[in-house]
Amino acid sequence: MSIRLQEVRKSFGPKPVLKGFTLEVRDGETLAIVGPSGSGKSVLLKHVAGLLRPDAGSVLVDTYSVPDLGRKELIQLRRRIGYVFQFAALFDSMTVAENVGMGLRRMPGWDAQRIAARVAECLALVDLNGLGDRYPAQLSGGQRKRAGLARAIAPSPKFLLYDEPTTGLDPVTTTVIDRLILRMSDELGVTGLVVTHDMTSAYRVADRITLLHDGRARFTGTPAEVRAAGDEVLRGFVEGDPDLYFGSGRD
Amino acid sequence: MAELLLRPFAAIGNLTLSGLESLGRAWRLFSSAAVSIRSTDVWTPLLLPQMAKVGVASVPIALFIATFTGIVMALQASYSLTGAIPPYFVGTLVGKTMILELGPVLTGLVLAGRVGANISAELGTMRVTEQVDALETLAYDPLAYLVVPRVLAGILMFPAVVLLAISIGIAAGWFTALQLLEMSSAEFVKGLRIYFAPWDVWFAVIKSLSFGAVVTGAGCYCGLRTEGGAEGVGRSTTRAVVTACMIILCLDAFWAAVLL
């Protein structure tokens, strides 16, 4: 197994966000975590990357227990993890090429020539050829997301974490991003964890889908199993029915 | 009724607790940043650009303030020193005040607004747009990348800017004395030299060095603690400037008590 979260609990002040979340992402698969906005999906992803520490429970990535890692070990683990941020989180003061090359500059044995070649390769992979010298402010939303993806894959990570990769994009660009996620899995063989509330996208990219509800994993199954499931909360989320999702009597 | 009476005590208690909490957080941030100094490969390429941004770019505003302070000091000294006090004391007053107090403190306060606000707004924006998280995921130590070069630039460049401001302030005072107060150059220089002690310059350097650390440190701390979008960035920027100004004035009194 490659990513395993066991009984993860996390609160911010008095508000519990994760209440014993358990999940297993198998080696080489792409798993989508779905759930409404504010349900704690991004919080979950940040635990996997070691950006947040759980109040209780364990987060294992390969053999590493993420919350127990020291600074150096965490840096080593992060070289194996690519993180695609919801709003790309590109560095404003740098060009796209400099952004994509950022992670490579920290890798031992990478000189400027090798970095430039890899940056060009990654930009080609996400169809951003020739845009390397632009600044993030000069890119469209979809281009920014693709640049963020190029930056995440540049150090050839084993794991890719996607935080709402298609939020705010038009349907065509959403499909483009989804195809890229599939390419990352098929061509690069990375293990993917996608956080999204877009069911169309989840069906398209995921081998398995988990519904995060009330701080716990409510349902996990293949897209076909999700479509066939009778769980009311899952049905409510998939069909966008608040009565089913929250239970009758709630607006 | 009892609750109403207890309210001020509760407010004082809450204020004390939040102050201690901030102190603890600041201590943790800067002790971690001190450890991050070891990551020289991360911060050394960023030090020179930060020195230019913190120091060189602050020179015009620092000199502007110093020039007018020097002029006003000379005019007010001439106005105040009447009767038996010899006119060359104008030089003494301008020199001593610029070196010991106005040069370092005024420059420190002005740079708290310029540099502290800039750092806090920049890091605050990076925090709310997840750029700081992105740095971490790309295997960078954000303290080595963001905090260390800025604070070191402040410590190195503030004394240089302050010494320049002091020189220009004294020169402006000397020019004013010559042009408006009908003093001779020899008289002004005599006053300047008569009570001059080299230690005064070291005193100014030590003060400005600490002000540099405070201004950049407050900017980094408040910036990295930013929460909640554009409004949060505005709040942390204000907090950085106010905190830096308050600490500068406290430090000013502290150094005067300890070193003079």
Scan segment B:135-173 for residues that are within 11 Å of chain A (Cβ to nearest Cβ) and small (Gly, Ala, Ser) and jot them down.
B:ALA139, B:ALA144
Quick one: count up the residues across segment A:111-169 that are small (Gly, Ala, Ser), within 29 Å of A:LEU60 (Cβ to Cβ) and within 15 Å of the chain's Cα centre (by Cα).
3
A:PRO108 part of a loop (DSSP other than H, G, I, E, B), within 15 Å of the chain's Cα centre (by Cα) and within 17 Å of B:LEU138 (Cα to Cα):
no
Hey, among A:LEU211, A:LEU125, which residue is more than 13 Å from chain B (Cβ to nearest Cβ) and at pLDDT below 90?
A:LEU125
Within 15 Å of the chain's Cα centre (by Cα) and in contact (Cβ under 8 Å) with a residue 24 or more places away in the chain - does that describe any residue in segment A:9-23?
yes
Considering (1) within 10 Å of chain B (Cβ to nearest Cβ); (2) in a strand (DSSP E or B), say which one A:GLY57 fails and leave the rest.
(1)
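Conditions tested, residue by residue: (1) touching a Cys at 6+ places or on another chain (Cβ under 6 Å); (2) crowded, with 24+ Cβ neighbours inside 10 Å; (3) not in a strand (DSSP E or B).
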{"position": "A:LEU193", "(1), (2), (3)": "no, yes, no"}
{"position": "A:THR200", "(1), (2), (3)": "no, no, yes"}
{"position": "A:ILE209", "(1), (2), (3)": "no, yes, no"}
{"position": "A:ARG218", "(1), (2), (3)": "no, no, no"}
{"position": "A:ARG227", "(1), (2), (3)": "no, no, yes"}
{"position": "A:GLY230", "(1), (2), (3)": "no, no, yes"}
Selection from segment B:226-260 of residues that are surrounded by fewer than 20 Cβ atoms within 10 Å (Cβ to Cβ), closer than 22 Å to B:THR129 by Cα and more than 16 Å from the chain's Cα centre (by Cα)
B:GLU227, B:GLY228, B:GLY229, B:ALA230, B:GLU231, B:GLY232, B:GLY234, B:ARG235
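This table checks each residue for (1) surrounded by 23 or more Cβ atoms within 10 Å (Cβ to Cβ); (2) in a loop (DSSP other than H, G, I, E, B).
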residue: B:TYR145; (1), (2): no, no
residue: B:MET157; (1), (2): yes, no
residue: B:LEU163; (1), (2): no, no
residue: B:GLY173; (1), (2): yes, no
residue: B:GLN179; (1), (2): no, no
residue: B:PHE196; (1), (2): no, yes
A:LEU5 being touching a residue at least 12 places away in the same chain (Cβ under 8 Å), part of a strand (DSSP E or B), under 30 Å from A:ASP186 (Cα atoms) and within 16 Å of the chain's Cα centre (by Cα):
yes
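Yes/no matrix, rows are residues, columns are (1) of a type outside the set (Lys, Arg); (2) surrounded by 16 or more Cβ atoms within 10 Å (Cβ to Cβ); (3) assigned to a helix (DSSP H, G or I):
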site	(1), (2), (3)
B:LEU29	yes, yes, yes
B:PRO49	yes, no, yes
B:PRO60	yes, no, yes
B:LEU63	yes, yes, yes
B:SER78	yes, yes, yes
B:GLY83	yes, no, no
B:PRO86	yes, no, no
B:THR97	yes, yes, yes
B:ALA121	yes, yes, yes
Single residue of segment B:122-177 satisfying the filter (closer than 23 Å to A:LEU104 by Cα and of a type in the set (Phe, Trp, Tyr)) that is modelled with the highest pLDDT
B:TYR145
Tell me whether segment A:90-105 contains one or more residues that are of a type in the set (Phe, Trp, Tyr) and away from chain B (no Cβ under 12 Å).
no
Test set (1) assigned to a loop (DSSP other than H, G, I, E, B); (2) out of contact with any Ser or Thr (no Cβ under 9 Å at 6 or more places or on another chain); (3) under 30 Å from A:GLU239 (Cα atoms); (4) in contact (Cβ under 8 Å) with a residue 24 or more places away in the chain - A:GLN86 fails condition number
(2)
Could you identify the single residue in B:LEU23, B:LEU81 that is under 30 Å from B:PRO149 (Cα atoms) and hydrophobic (A, V, I, L, M, F, W, C)?
B:LEU23
From the set of residues in segment A:67-87 that are hydrophobic (A, V, I, L, M, F, W, C) and closer than 14 Å to B:ALA139 by Cβ, which is nearest to the other protein chains (Cβ to nearest Cβ)?
A:ILE75
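The values are calculated or read from the model by the stated rules, or taken from the named source; none is laboratory data. For clarity, every value in this text was computed on a predicted model and none was experimentally measured. So basically every Cβ, Gly included, is an ideal-geometry build from the backbone, and we count neighbours across all protein chains shown.
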